[in-house]
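Inspection log for the structure reproduced underneath, given as structure tokens.
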Amino acid sequence: MSVRRLDTTALIYLALLGVVAVGGIAVAADGGNLFSPANLGDMFTRTSLTGFLAIGMTLVILCRSLDLSVGYTAALSSLVAATTMDGQVANIPLGIAAVLLVSGLVGAANGAIVAYLGVNPFITTLGVGLIIKGYLDTQYRGPAGDVPRDFQRFGYDGIAHIPVSTLVMLAVAAAGIWFLRSTRTGHHMYAVGGNIDVARMSGIRTDRTLMTAHILCGMCAGLAGLLLASRFGTGSAEVYTNLYELDAIAAVVLGGTLLLGGRGGVAGTVAGVAILAVLDTVFNVLQVDPFAKDVLRGAIIIAAVAIYARRQIDRSARRPRFTAADAAPTPGRPA
Amino acid sequence: MSRLRSAAAALAGGGTGTVFALLIAIFAVVAAVNPGFFEAPSLMAFLKQAAPLVILAAGQYFVIVSGNFDLSVGALVGAQVVIAARLIDGEESRTLPVIGLMLLFGAAVGLANGLITTALKVQSFITTLGMLLVLYGAIRLWTGGAPTGSLSESFREAGRMGIENVPLLGQIPWALLIMLALGAGAVQLMRTRFGRVLIATGDNELATARSGGRVDTVRTTAFVLSGLSATVAGILIGGFAGVSAQVGEGMEFTVITAVVLGGVVLGGGQGSVVAAMGGALTLEALFTLFNQLALPASLRPSVQGAIIIAAVAYAARQRRLTSRKPQREARPLTATPS
Amino acid sequence: MTESTVLTMRGIDKSFLGVRVLRSVDLDVRPGEVHALVGENGAGKSTLMKILAGVHTADAGTITLGGRAVSFTHPLQAQHAGVATVFQEFNLLPDLSVAENIFLGREPRRRGMIDRRAMTKRTADLLSDLGVDDLAPGAKVGSLSVAHQQIAEIAKAMSQGADLVCMDEPTAALADAEVELLYRLVERLRERGVAVLYVSHRLREIFDLCDRITVLKDGELVDSVAAADITPDDLVTLMVGRRIEAAFPEPLPDTDHGDVRLEISGGGNAWLDGIDLTVRAGEIVGLAGLQGSGRTEIAEAVFGIAPFTRGTVAVDGRPVKLTGPRKAIAAGIAMVTEDRKAHGLALRQSVRANARMVLDANRRAHSRARVERIPSILSSLDLVARGPDQEVRYLSGGNQQKVVVAKWLATEPGVIVLDEPTRGIDVGAKHRLYTAIRALAAEGLAVLLIASELIEVIGLADRIAVLHDGRIAGELPAGATEKQVMAYATGRSPR
């Protein structure tokens, strides 16, 4: 037992470093520069949207739940934002509040169905997502609402080449790390996902923990919706077609959070988001067909989970009594 | 009286009976709204349109009853239609070889899903989600974004045509016959040793393995069957609706809704393939009812979402109730004629 | 009330599914004493402890803790009342650190936030207080040895301010060196005035550690004595005691011990070593031993679940490689597993589907004739069910077990391994199974019988192999006494 296993988060950041290095070389070989301000800006911009969704997704997956409705929640939120703001700067705070309320309610609905009705989270969030989809399809045939210019700066402005949205995303990530580490509710998410019976035996209110995770996940999707609204200048129902929820899940599992809950964290997720963003930018610069990206993304998700599954397997429940050395006819161990 | 009560219990119990009771109820409303629906042509048209989902439901049933999910079927249906159009490219003579190739491709996708899930121990949710992305991207990569080529007339025959001029019925669609044949085949398959081991695997993997069951093999086979069902569904949908980039989109969720509506339990080990197919018919009937009521088609997803949550919540509740309910008296097995 | 007690239990009754497990049991534990609770497997020790821990609720009787009458319906209530329990299955989360596990649900806070520094500090204090100096509060529990995980459990119990710590077979999973660690810990608890209720089979530990010993037998209190006043031999006699003899059927008259059907030579793996065992046709060989001695491991090795990695196995004289259940089934071996719900049955499937499961799963075992024989096998076992289509989850434990036995008999095996075949089933069904086991032997099967209830092994087996720490400690002929078996099983050589 001399070689200690690498911590999963460290491993994923090493992988990120590797992807950046390989990507940088590939782009350089093509005569470009991955680290040019334009490319860096592109990379950062890509992280923010998936980042918001993936941070929330991390919380629910840690609790051994799931949220397939985040793409629809984000689309709904973009519409709520744009229609509430309606071009008025004065309405910006109201718009943000309305989005957080609506998205939080969607999360609460997910959480309540999972925790109190005992419905499988996959089915629950798929169902809630479809309900929102039907509403959006019926109610909004095109873009709606108007986002004031000032709020569009959230999507477009940057500070020293780093987009504001990325900075906000990193702040949310920091808050997420703090939440999981320093609040009881956050900390209890690991117990709920790790072994719900042990959590109950320890006096944790598992239903509330699950609700909180879903509400926060919904609100993160709300933030993503705000970002979408500020980028497009209007609310758009169409954005759910981009399968953002799959990107978010990909980033979470890539970041080392166990799909079965109880292990992982937001720090790993941020690295997972970054890896996907770097790959996207590299492909973009190299002008690889955008569809190749989907193929690769699918392969990466499967490979990441397979690798993590492999790292897990050797946990045997029973502890050996006789080692291989006993097989040799050496006297020594008294019977 | 007690028979009546047990019949009522079967209908409300979330099992096979429930979904058909629901189907009849929906048909009754449809008949009330539009009596003409039950005339042969429109009924046949309904069945023709429902056939692909019913076939997909049978395929998905195998996977779900063994304890997994297959989220890649929608993407596979889409991929198959695009493959058919590109490879046939309007040439009648290529129809059969291409169909053969499509079946191989469908089986290969299922095999990959199965092997990744069983041998690499990746949860089927992730495996098939990854496969969905791979298929989606690979097909567009191959065709450069939009579908190219066109289907041959004979290819479209299966989805569009049927046996014409049948007395009373008019046209009997090929799609209906294929659906019935495959449905009967699926029912028969569940009665074989394979079917028994498959459902036992979904119920208790460990007990099945300790009885000598090849748990991984039957699960992988279930994925292959799902891949094949998506291929057949693709052939029918391509024939019926033609080629577009959107074919199959979201179908994986529709079919899972259908199977769950049929009382098949997610996680495996419970439910019948007939009920799964009945769930698909019921869902299609519901969509038809929507058309009859002139509700916007865009509301379909909402209904589907509400149904799937309600169905699973109802089943969860039923399970909790039956596990408390005392069983009726038992007697020695020898007393029952077998 | 002559002497102060931490715990007084009076007249505790408990039945499961009509089977009386505890009958009017009394127990007194004084502050600062280490109190052993001993008895054979199935004597009711674990049930009594689970009642104390709030896992089960007693049907009748009173529990007084520190002078207050209590009644628990949930483990949390027991914890809050000052009873901490260390079960064999750990209640720890492997992905959290020692400190996080200890304070789970009760994390110290400062200004509303978890105060990790305080948590680490208090854990370190707690551990050093317990005399543990080689366990870092920040270490992930999953990376610890079993002994250290156990220490973490005990520390968790202590941090809750328990007056009484219950330990269920704490050394079952420990190596010798680790047992020392546990001893030290128990000593510490005693010094601090905490009472320890110590459930164990191991006589040496009991006499090393305990002040008083309460003996249970068949769910009843036998005696409660000071450890200093009794010898190990007398204790064994108390545990084995006089009993209402269960009636075991005699071997059927036409039972011959024929050729060797199963032969294991030098079998070993991670849990077993040097296993030499033969079973002849018509013979019932019993495997006896304490919890964790390797009984089930032998069954699993023979059936290929956790195969032997050393030595050879032959069935009917042919060497076989038993690398998995399919190989074992092909060699004509059948196995009735210990945990029928987890390993034996698909509970939501019908009686019929379960009974033919092995035939369905193995092409070479399958034949029409065998499938058609199933109803007669089921009725010969007197299965009580509503019909062949009834789901097995609705059957009683005894009838479920009959389905398991039937599914194996359907394969017409040459060797049958019965691992705890009568666990959790009622007396009538037990007797039916005993007769069935005799009948199997009479038909020429080689039967390997594992039972934690000694009386069963003694009552049925033609020969008994006693296991201790993964090795066969000795073989005894039919008619051996419980005392002889216990002597081997507890690691003492019999005189």
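The values are calculated or read from the model by the stated rules, or taken from the named source; none is laboratory data. Every value quoted in this text rests on a predicted model; they were computed, and no experiment measured them. Cβ placement follows ideal geometry from the backbone for every residue including glycine, while neighbour counts extend to all protein chains displayed. SASA here: full protein model, heavy atoms, side chains in, ligands and nucleic acids out. Shrake-Rupley method; radii C 1.70, N 1.55, O 1.52, S 1.80 Å.
May I ask for the equivalent-ellipsoid semi-axes of segment C:427-495, computed as the square root of five times each C-alpha gyration tensor eigenvalue and listed largest first in whole Å? Walk me through the numbers before you get to the answer.
Numbers: eigenvalues 115, 33, 21 Å².
Sorted largest first and rounded, they come to 24, 13, 10 Å.
How big is the convex hull of the Cα atoms of chain C, per residue, in Å³? Intermediate results must be reported in sequence, preceding the final value.
Working: hull volume 80.8 nm³, N = 495.
Given the Cα convex hull of chain C, per-residue volume reads 163 Å³.
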task = Leaving ligands, DNA and RNA out of it, work out the accessible area of C:Cys210 with a 1.4 Å probe and give it in Å² to the nearest 10.
result = 10 Å²
note = Residue by residue through segment B:206-213, the couplings from Karplus 6.51 cos²θ - 1.76 cosθ + 1.60 with θ = phi - 60°, in Hz, x for Gly and Pro, are 5, 4, 5, 4, 6, 8, x, x
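Report, in listed order, any pair from B:Lys121/C:Lys402; C:Lys50/C:Lys341; C:Lys14/C:Lys402; C:Lys14/C:Lys121; B:Lys121/C:Lys14; C:Lys14/C:Lys156 with a Cα-Cα distance greater than 31 Å.
Flagged as over cut-off: B:Lys121/C:Lys402; C:Lys14/C:Lys121; B:Lys121/C:Lys14.
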ask   = Averaged over all directions, how much area does the convex hull of the C-alpha atoms of segment A:3-316 cover when projected, in nm²?
value = 17.3 nm²
inquiry  = Relative contact order for chain C: what percent, with Cα pairs under 8 Å and sequence separation of 6 or more?
reply    = 15 percent
ask   = Taking C:Lys45 as the anchor, which aspartates and glutamates have their alpha carbon closer than 13 Å to its alpha carbon, excluding any fewer than eight residues away along the same chain?
value = C:Asp13, C:Asp26, C:Asp168, C:Glu169, C:Asp218, C:Glu220
Averaged over A:110-123, number of beta-carbon atoms from partner chains that fall within 10 Å = 4
query = What translational diffusion coefficient, in µm²/s and rounded to a whole number, does the Stokes-Einstein relation yield for segment B:2-323 at 25 °C and a viscosity of 0.890 mPa s, taking the hydrodynamic radius as the Kirkwood radius over Cα pairs?
reply = 122 µm²/s
remark   = For segment C:353-495 (alpha-carbon point model, no solvent) the Debye-based log₁₀ I(q)/I(0) at q = 0.12, 0.13, 0.18 Å⁻¹ works out to -0.57, -0.65, -1.04
task = State, as an integer percentage, the relative contact order of segment C:71-222 based on alpha-carbon contacts under 8 Å between residues 6 or more apart.
result = 27 percent
query = In terms of solvent-accessible area of protein heavy atoms at a 1.4 angstrom probe, what is the ranking of C:Arg110, A:Arg297, highest value first?
reply = C:Arg110, A:Arg297
key: Straight-distance crosslink candidates among aspartates and glutamates, where the alpha carbon sits under 20 Å from C:Lys140 and sequence neighbours closer than 8 are dropped   = A:Asp7, A:Asp197, A:Asp314, C:Glu89, C:Asp95, C:Glu100, C:Glu107, C:Asp115, C:Asp125, C:Glu153, C:Glu178
request  = Mind grabbing the accessible area of B:Asp89 for me, 1.4 Å probe, Å², rounded to tens?
outcome  = 80 Å²
ask   = For peptide A:284-292, how many partner chain Cβ atoms fall within 10 Å of a residue's Cβ, on average?
value = 3
task = With a bin width of 10 angstrom, please list the P(r) values of segment A:140-281 as percents of all Cα-Cα pairs, from the 0 bin to the one holding the largest distance.
result = 10, 34, 32, 18, 5, 0
ask   = Per the Cauchy relation, a quarter of the hull surface: what is the mean projected area of the convex hull of the alpha carbons in segment A:26-149, in nm²?
value = 10.7 nm²
ask   = Just the accessible area for A:Ile25, please: 1.4 Å probe, Å², rounded to the nearest 10?
value = 120 Å²
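Any idea what the alpha-carbon Rg over 2.2 N^0.38 Å comes to for the protein assembly as shown?
Details: Rg = 32.9 Å, N = 1168, 2.2 N^0.38 = 32.2 Å.
Taking N as the residue count of the protein assembly as shown, the ratio is 1.02.
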remark   = Rounded to a whole number, the mean other protein chain Cβ count within 10 angstrom for residues of A:257-266 is 2
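Listed highest first by mean packing, meaning other Cβ atoms within 10 Å per residue, what order do C:62-74, A:163-175 come in? The partial results should precede the final answer.
Numbers: C:62-74: 14.5, A:163-175: 18.7.
The packing order, highest mean first, is A:163-175, C:62-74.
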query = So for A:Phe154, A:Phe322, what's the accessible-area order with a 1.4 Å probe, most first?
reply = A:Phe154, A:Phe322
task = Which order do the peptides B:75-84, C:222-231 take when ranked by the mean count of other beta-carbon atoms within 10 Å per residue, highest first?
result = B:75-84, C:222-231
note = Computed on Cα atoms only, the convex hull of segment B:44-91 has an orientation-averaged projected area in nm² of 4.6 nm²
task = Can you sort A:Tyr140, A:Tyr240, A:Tyr13 by 1.4 Å-probe accessible area, starting with the largest?
result = A:Tyr13, A:Tyr140, A:Tyr240
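Counting helices only, and only those DSSP H runs with n ≥ 4, report the 222 nm mean residue ellipticity of the protein assembly as shown as the sum of -39,500 (n - 2.57) divided by its residues, in deg cm²/dmol to the nearest 500. Intermediate results must be reported in sequence, preceding the final value.
Numbers: 44 runs with 635 residues, N = 1168.
Taken over the protein assembly as shown, the calculation gives -17500 deg cm²/dmol.
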